[in-house]
Amino acid sequence: MRKTVVLMIVFGGLILNCGTKSSLPPVLKQNISIRDSSGKLLPEMNEMIKRLTKTEVIFVGEIHNDSLTHVVEVELLKRIFHRGHNIAISLEMFERDVQKYLDDYLEEKITEKKFLSVSRPWNNYKTAYRPLVEFAKEKGLPVLAMNVPRRYANRVAVMGGAALEALPDSEKVWVARQLKPLNDEYKKRFIQEMGGTRPGPMMRFKPENLYKAQCLKDDTMAESIAEFLEKHPGIKIVSYQGDFHSDYSLGIVKKLKLLNPSVKVSVVSIVPVKDLGKIKIESFKNRADFLIFVQNNF
């Protein structure tokens, strides 16, 4: 979850310089800058990939409508795969109740046209997320449709958590077993992100209900990952979601740790900026284990 208009801050830093061995696609050269949690510049993307070796779940946070971000995401996936890891992909962009169709497409039981007609893909699927799914299909990787169906999140936004109690058992399988709207830093950031108490289109909903709907998404996505890890030990998950869901190790990350305290996680946040030469890294303290700044010209 992130508003379409991203608040741009003026930053300071250096541009990534990669050698031939770990060369990037042309569109990324001179257009990204990678930092670790201490603010140290990493000269190669593979240095970050190497440090992620022992991580069981890699959360990659994104701004959904940034085109260069999606190029970075595919590059990350390819590099993790080519290090020999047994991996699966987890996507916010598909909901639990379309998992069967996603599996059928990956196994070539249905055509892409059929898959897209029944899986409710996002409007920017073809340019943003299709490359991830197609790479998984080519390499035989599982893809997890981890999100709660939007209709249930909408019900909670309107009616509150009680809306889930009325669901028949046949539908409860699509939502998290427990809704946990924690009163923590995440809630504070969510209220600020939604505009606080200022008038706006979302203010027709009660802020508490909006927050519960947000938590339903996080709880369901975290549960989807936890269940997958339990059924498939030894598989590393690369999870793609809006950066608000994973930044500062809150949201889905915190909910996963509540379900499985021993799981090893890392957070990568892809941040579009107007000027890679003006990155104020102190503005991003504790946001992620790795920050990938991408040049954005909107």
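The values are calculated or read from the model by the stated rules, or taken from the named source; none is laboratory data. In this text, all values refer to a predicted model and were calculated from it rather than measured experimentally. Reconstructed Cβ throughout: ideal geometry from the backbone, glycine too, with neighbour counts over all protein chains shown.
Kindly indicate which of LYS236, LYS231, LYS187 is at pLDDT 95 or above, of a type outside the set (A, V, I, L, M, F, W, C) and within 16 Å of the chain's Cα centre (by Cα).
Details: LYS231 fails: within 16 Å of the chain's Cα centre (by Cα); LYS187 fails: within 16 Å of the chain's Cα centre (by Cα).
On inspection, the qualifying residue turns out to be LYS236.
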Result of the Cβ filter at 8 Å on region 22-50, keeping first residues that are within 21 Å of SER67 (Cβ to Cβ) and partners that are basic (Lys, Arg) and buried (at least 16 other Cβ atoms within 10 Å of the Cβ), at least 6 apart or interchain, is MET45/ARG79
Exercise for the section: Might you let me know whether region 268-283 holds any residue that is out of contact with any helix residue (DSSP H, G or I) (no Cβ under 6 Å at 6 or more places or on another chain), in contact (Cβ under 8 Å) with a residue 24 or more places away in the chain, among the β-branched types (Val, Ile, Thr) and not in a strand (DSSP E or B)? Expected result: yes
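Does region 244-256 hold any residues that are part of a helix (DSSP H, G or I) and surrounded by fewer than 24 Cβ atoms within 10 Å (Cβ to Cβ), and which are they?
PHE244, ASP247, TYR248, SER249, LYS254
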Checked region 209-243 for anything assigned to a helix (DSSP H, G or I) and of a type in the set (D, E, K, R); matches are LYS212, LYS217, ASP218, ASP219, GLU223, GLU227, GLU230, LYS231, ASP243
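When you scan region 164-194, how many residues do you find that are in a helix (DSSP H, G or I), basic (Lys, Arg) and under 27 Å from TYR248 (Cα atoms)?
Within region 164-194, the subset in a helix (DSSP H, G or I) is 164-165, 169-172, 185-193.
Okay, now just the ones that are also basic (Lys, Arg), so 172, 187-189.
Subsequent filtering for residues that are under 27 Å from TYR248 (Cα atoms) retains 187-189.
Going through region 164-194 one residue at a time, the tally reaches 3.
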